[in-house]
Amino acid sequence: MFFKMALRNIWKNRRRSIATISAVAVGYMGLALFAGYIESTRAGLAEQSIIGERLGHLTLVKIGYFSAGKIDPEKFIFSNDEIDTLKQELNGDKDIELISPRLDLSGLVSNGKVSTIYTTEGISAEDLVKLRGKYADLPGKLDPSNPAATAMGEELATILGLKQGETAVITGTTASGLMNALDIEVGEVFNTGSAGTNDKFILMSLDLAQRLYDVQGAHRIVLKLADKAMTESKRKELEEKLASRGMPIEIKTWNELSMFYNQVMGMLESMFGFLFMLVMVVVGMSIFNTMGMSVMERTREIGTLRSLGMQRGEVVKLFRVEGMLLAIVGCLLGMVMTAANTLSAELMNVTYVPPGSTEAVPLSFLHLPENIVFYFGILVLIGMSASWVPAEKAAKMPVVDALGHV
């Protein structure tokens, strides 16, 4: 009975109802699309951090490396024997797909006439292929048969006027503080995808980095896991395991190390929080206004229903059902609009250049089932709550006054 009466009242005031339903639909669509964009961005940035930035899932360092490693780098280097010991401890773990030692260096690179700063990471060509997986053939590869060949950032190569196959000289400080220099070959020129690194990054083999740094070892050991979802649990497991073996190791996850990931996601989540509050206010006020106007127009009707025996609680329930139905219909329409916009973006191949990036990326949306259900539920709850005050006002009205209302 309540649903039938609510539907009739909604239809009777259809112009106002359509305006309210439209507000709910647009609000739902805005939340769903922005949340879908955030989830798509989160997934893309995670992959970029794990594979593009070569962070893997977990990074093992000696305790104190991140706080004091630049002051006394030699103190925090894993020797080859220590690396072999760690590999023996980790090789039997079926969840670990890759154990990759790394060296991080910086210095000056010169073409003989022009010099500029560079940063580099030393990684074996084989480890890079395993880390990249299905992206192994993308630009930025290392040649396992030529340890002197490097992969150079596109803008850095432009600054130095270097092309593939040409040579340059890199200088850097060894672990003991002396200067060292090596000849390198530009094996590949590639776009790093980041404006912050494209003009200074060189990727080189671990062997070449060790020669430049004059050590046999690595600053850190990167692990790639079989499943990203186990990152945090595996971190805790390995910390306990290695500590029990007398190897106190500091372990960082990829999202702790990726500054770009944290900055972008922090900004997007703050913007979404503002949008969420705005939508809640707009939807709530729209339904509140609709129900308030409905109470004013239906005062005599309410008095008639009360005189026929309808209790105050039932009057409140009637209006709350109306608010709920307006929100439900609005959310269903919002779902259709969300699907239409998502499909349109894919078919039109809409692209944009994100902040800090050097390449355009497709605009995509990743709609998680839990998000769809949550926004539906919260908007319906807002609809029922917004109709509560007008409903209480209608229920408390004296029957005689209501019947005599003009």
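Do we find a residue being hydrophobic (A, V, I, L, M, F, W, C), farther than 30 Å from VAL380 by Cα, over 34 Å from the mean Cα position of the chain (by Cα) and open to solvent by less than 60 Å² (accessible area, probe 1.4 Å) anywhere in the range 1-17? Even if it seems obvious, please write down each step before you answer.
Step one: filter the range 1-17 for residues hydrophobic (A, V, I, L, M, F, W, C), giving 1-3, 5-7, 10-11.
Of the ones still in play, those that are also farther than 30 Å from VAL380 by Cα are none.
No, that holds for no residue.
A quick yes/no check of all residues on (1) without any contact (Cβ under 8 Å) to a residue 40 or more places away in the chain; (2) over 23 Å from LEU238 (Cα atoms); (3) among the small types (Gly, Ala, Ser):
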| site | (1), (2), (3) |
| --- | --- |
| PHE66 | no, no, no |
| THR85 | no, no, no |
| GLY92 | yes, no, yes |
| LEU105 | no, yes, no |
| VAL129 | yes, yes, no |
Quiz item: Mind checking which residues of the range 361-375 are under 14 Å from LEU45 (Cα atoms) and either at pLDDT below 85 or not in a loop (DSSP other than H, G, I, E, B) (or both)?
Solution: VAL361, PRO362
Quiz prompt | Set GLY56, GLY36: member being part of a loop (DSSP other than H, G, I, E, B), crowded, with 20+ Cβ neighbours inside 10 Å and either touching a residue at least 12 places away in the same chain (Cβ under 8 Å) or touching a Lys or Arg at 6+ places or on another chain (Cβ under 7 Å) (or both) | solution = GLY56
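Which residues, taken from the range 158-183, are assigned to a strand (DSSP E or B), in contact with a helix residue (DSSP H, G or I) (Cβ under 7 Å, 6 or more places away or on another chain) and hydrophobic (A, V, I, L, M, F, W, C)? Break it down into steps so the answer makes sense when it comes.
Of the range 158-183, the ones assigned to a strand (DSSP E or B) are 167-173, 179-183.
Filter once more, so that each one left must be in contact with a helix residue (DSSP H, G or I) (Cβ under 7 Å, 6 or more places away or on another chain): 168, 170, 172, 180, 182.
Answer for the range 158-183, where residues must be assigned to a strand (DSSP E or B), in contact with a helix residue (DSSP H, G or I) (Cβ under 7 Å, 6 or more places away or on another chain) and hydrophobic (A, V, I, L, M, F, W, C): ALA168, ILE170, LEU182.
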Self-check item: Looking only at the range 382-406, and only at residues there that are surrounded by fewer than 23 Cβ atoms within 10 Å (Cβ to Cβ) and within 13 Å of GLN311 (Cβ to Cβ), the one that is modelled with the highest pLDDT
Solution: LYS396
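Go through the range 68-80 and give me each residue that's within 21 Å of THR197 (Cβ to Cβ) and open to solvent by 50 Å² or more (accessible area, probe 1.4 Å). Please lay out each step first, then the result.
From the range 68-80, those within 21 Å of THR197 (Cβ to Cβ) are 69-70, 73; that's our starting set.
Residue satisfying the conditions is LYS70 alone.
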Quiz item: Going by the structure shown, is ALA218 hydrophobic (A, V, I, L, M, F, W, C), touching a strand residue (DSSP E or B) at 6+ places or on another chain (Cβ under 8 Å) and within 19 Å of ILE83 (Cβ to Cβ)?
Solution: yes
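Per-residue answers, yes or no, for (1) open to solvent by less than 10 Å² (accessible area, probe 1.4 Å); (2) under 25 Å from SER205 (Cα atoms); (3) part of a helix (DSSP H, G or I):
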| residue | (1), (2), (3) |
| --- | --- |
| ALA43 | no, no, yes |
| GLN48 | no, yes, yes |
| PHE66 | no, yes, yes |
| GLU82 | no, yes, yes |
| THR85 | no, yes, yes |
| ASP93 | no, no, no |
| GLU97 | no, yes, no |
| SER100 | yes, yes, no |
Quiz prompt | Enumeration of residues in the range 303-332 that are open to solvent by less than 20 Å² (accessible area, probe 1.4 Å), small (Gly, Ala, Ser) and modelled with pLDDT of 70 or more | solution = GLY323, ALA327, GLY330
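Just to be sure before I move on: is ARG235 basic (Lys, Arg) and either surrounded by 19 or more Cβ atoms within 10 Å (Cβ to Cβ) or under 20 Å from SER258 (Cα atoms) (or both) in the structure I sent? Before the answer, list the steps.
Numbers: basic (Lys, Arg): yes; either surrounded by 19 or more Cβ atoms within 10 Å (Cβ to Cβ) or under 20 Å from SER258 (Cα atoms) (or both): yes.
When the stated conditions are applied, ARG235 passes them.
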Quiz item: Which residue pairs have Cβ atoms closer than 8 Å, lie 6 or more positions apart in sequence or on different chains, and pair a first residue in the range 186-213 that is within 20 Å of GLN164 (Cα to Cα) with a second residue that is part of a loop (DSSP other than H, G, I, E, B) and basic (Lys, Arg)?
Solution: VAL186/LYS163; GLY187/LYS141; GLU188/LYS141; VAL189/LYS163
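So which residues in the range 144-167 are open to solvent by less than 70 Å² (accessible area, probe 1.4 Å) and either under 33 Å from the mean Cα position of the chain (by Cα) or without any contact (Cβ under 8 Å) to a residue 24 or more places away in the chain (or both), if there are any at all? Spell out how you get there, then give the answer.
Taking the range 144-167 as the starting set, the residues that turn out to be open to solvent by less than 70 Å² (accessible area, probe 1.4 Å) are 146-153, 156-157, 160-162, 165.
Those that are open to solvent by less than 70 Å² (accessible area, probe 1.4 Å) and either under 33 Å from the mean Cα position of the chain (by Cα) or without any contact (Cβ under 8 Å) to a residue 24 or more places away in the chain (or both): THR150, ALA151, MET152, GLY153, LEU156, ALA157, GLY165.
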Practice problem: Determine the pairs where a residue that is of a type in the set (Ser, Thr, Tyr), located within the range 227-247, has a partner that is part of a helix (DSSP H, G or I) and surrounded by 15 or more Cβ atoms within 10 Å (Cβ to Cβ) with Cβ atoms under 9 Å apart, the partner being 6 or more residues away or on another chain. | Solution: THR231/TRP254; THR231/ASN255
Self-check item: Criterion violated by ASP199 - all others in (1) surrounded by 20 or more Cβ atoms within 10 Å (Cβ to Cβ); (2) more than 17 Å from ALA125 (Cβ to Cβ) satisfied
Solution: (1)
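The values are calculated or read from the model by the stated rules, or taken from the named source; none is laboratory data. Keep in mind the model is a prediction, meaning the values are calculated, not measured. Cβ sites come from the backbone with ideal geometry, for glycine too, and all protein chains shown count toward neighbours. Side chains are part of the model used for accessible areas, which takes the heavy atoms of the whole protein and leaves out ligands, DNA and RNA. Shrake-Rupley method; radii C 1.70, N 1.55, O 1.52, S 1.80 Å.
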